[in-house]
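What follows is a short report on a single structure.
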Amino acid sequence: MTTAVAPTPLTASDRCDRCGAQAYVRVHLNSGGELLFCAHHSREHGDKIKAIAVNVHDETGKLIDSPAVAAEDAR
């Protein structure tokens, strides 16, 4: 019997292993280890990540474009 475990959400304290920015992607490796990546580095290394990953937990959907200028009624 196998039991699926929901991935632990990434928090602001989880940092990219490449640059130290906030991590939005957790990569589980076959060796049992894990790597954390910011959105930029996960896109940059996406093909390599997929080749070594057992599982990828991607929270880049949390990133949304916000308007550069406030709406007229919000001023």
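Below is a table of values for the structure above.
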item: Residue check, R18 modelled with pLDDT of 95 or more, at negative phi and part of a loop (DSSP other than H, G, I, E, B); result: yes
item: Count of residues meeting criterion [polar (S, T, N, Q) and either in contact with an Asp or Glu (Cβ under 7 Å, 6 or more places away or on another chain) or modelled with pLDDT of 95 or more (or both)] in segment 1-10; result: 0
item: Residues located in segment 21-32, provided they are at pLDDT 95 or above and assigned to a loop (DSSP other than H, G, I, E, B); result: A21, A23, Y24
item: Subset of segment 51-71 that is among the small types (G, A, S) and modelled with pLDDT of 65 or more - its residue that is nearest to the chain's Cα centre (by Cα); result: G61
item: Among residues of segment 28-39, those that are in contact with a strand residue (DSSP E or B) (Cβ under 6 Å, 6 or more places away or on another chain) and more than 13 Å from T60 (Cα to Cα), counted; result: 4
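The values are calculated or read from the model by the stated rules, or taken from the named source; none is laboratory data. Every value quoted in this text rests on a predicted model; they were computed, and no experiment measured them. No Cβ is skipped: glycine too gets one built from the backbone with ideal geometry, and neighbour counts run over all protein chains shown.
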